[in-house]
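Notes follow once the structure below has been shown.
The values are calculated or read from the model by the stated rules, or taken from the named source; none is laboratory data. What you see is a predicted model, and the numbers here were worked out from it, not measured in a lab. Here the Cβ positions follow ideal geometry from the backbone for every residue, glycine too, while neighbour counts run over all protein chains shown. Surface areas here come from the heavy atoms of the whole protein model, side chains and all, with no ligands, DNA or RNA. Shrake-Rupley method; radii C 1.70, N 1.55, O 1.52, S 1.80 Å.
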Amino acid sequence: MHQTDLGDHSDPADVNDLRTLCTDLAVSAASRAADGRAQPVRLEAETKSSVTDLVTEFDRAAENYIRERLLSERPRDGVVGEEGVDVPNTSGLTWIVDPIDGTTNFVFGLPAWGCSIAVTRGDTILAGAVHLPALRETYSAALGKGASLNGNNLTSSQSTSLHTALVATGFAYDSQRRSQQGALVANLLPQIRDIRRSGSAAYDLCCVAAGTVDAYYEHGLSIWDIAAGVLIAREAGAKVEFTPDSATTNITVVASASPIFESLRSAISAG
Ligand code: LIP
């Protein structure tokens, strides 16, 4: 993961404490966005990389809120966020922030959107949380401490057959890449139970953790889309890999029940 580390690595931050702060920040930021969305005013959305890549004042306000809290409570830590500039760390820790993952769902009023926050030391994800206000679901995990949904422990799918697997995926904002992704999913569809497309990578990875899907893959993501969900899914027992592991954007993630991981990875590579 791309982050500027000026850290002395002296911070012995406890992963349970970091999980608690991830959760508090995700719940507070996403709840503020939900409250703002509920106001009877016209929601204005701007576009970023393409006409379908949306961003709202609520995305920016949520990230600003998180950054202000981190500057106050964790002043030596770094920040990498979807809507702001990278901040280097002097503690060895970096916070990875997607203020609203599933922005299209947020704008259209669909429920699968939320705030995703993780904290890393180098390439190691120490803690993470995803809060989805419209679903009233809060997922979190700490390294080596398991994963939970609303405080209840999670165990991922034990599926042993790709042919009966329910597989989540997503598509990029770039139309040429979407054409390639469409061809890939068409090739995959006869090999699996079915596809689910939620519109939020963070939620898709949480669904792998909860076993409500057996697998998830997607190409072209950013580290803020996946950092928290990767740890949550891993701590729930899923096999999760993303490449390249030192990248910030254009990341491919594959997450699934261990028995079907290689057959899924092969199927999406051959597509
Ligand atoms: C979204 C991802 C989703 C992907 C969308 C978009 P955003 O992130 O969570 O999985 O399919 O194209 O990248 O833009 O809502 O933060």
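Can you pull out every residue in the stretch 222-249 that is near the ligand (Cβ under 9 Å from one of its atoms) and open to solvent by 10 Å² or more (accessible area, probe 1.4 Å)?
Once the filter is applied, which keeps residues that are near the ligand (Cβ under 9 Å from one of its atoms) and open to solvent by 10 Å² or more (accessible area, probe 1.4 Å), the stretch 222-249 yields Ser222, Trp224, Asp225.
Which of the following residues is away from the ligand (no atom under 15 Å from the Cβ), touching a strand residue (DSSP E or B) at 6+ places or on another chain (Cβ under 7 Å) and farther than 18 Å from Gln181 by Cβ: Ile192, Ile260? Let's see the steps before the verdict.
Numbers: Ile192 fails: farther than 18 Å from Gln181 by Cβ.
From the options Ile192, Ile260, the qualifying one is Ile260.
Looking only at strands (runs of 3 or more DSSP E) that lie completely in the stretch 99-146, which have at least 1 residues being under 17 Å from Arg32 (Cα atoms) and within 14 Å of the ligand (Cβ to nearest atom)? Spell out how you get there, then give the answer.
Details: elements: 114-121, 124-132, 137-142.
It comes to 114-121, 124-132.
When only residues in the stretch 1-19 that are surrounded by 15 or more Cβ atoms within 10 Å (Cβ to Cβ) and modelled with pLDDT of 70 or more count, which is nearest to the chain's Cα centre (by Cα)? Full working, then the answer.
To start, the set of residues in the stretch 1-19 that are surrounded by 15 or more Cβ atoms within 10 Å (Cβ to Cβ) comprises 1, 3, 5, 7, 11, 13, 15, 18-19.
Next cut, modelled with pLDDT of 70 or more only: 3, 5, 13, 15, 18-19.
Numbers: Gln3: 17, Asp5: 22, Ala13: 22, Val15: 19, Leu18: 17, Arg19: 15 Å.
Looking at the filtered set, the residue picked out is Arg19.
Under the condition of being open to solvent by 10 Å² or more (accessible area, probe 1.4 Å) and within 11 Å of the ligand (Cβ to nearest atom), which residue from the stretch 82-98 is farthest from Leu18 (Cα to Cα)? Walk me through it before giving the result.
Let us first name the residues in the stretch 82-98 that are open to solvent by 10 Å² or more (accessible area, probe 1.4 Å), namely 82-88, 90.
This time we only want the ones that are within 11 Å of the ligand (Cβ to nearest atom), so: 82-83.
Working: Glu82: 20, Glu83: 22 Å.
By that ranking, first place goes to Glu83.
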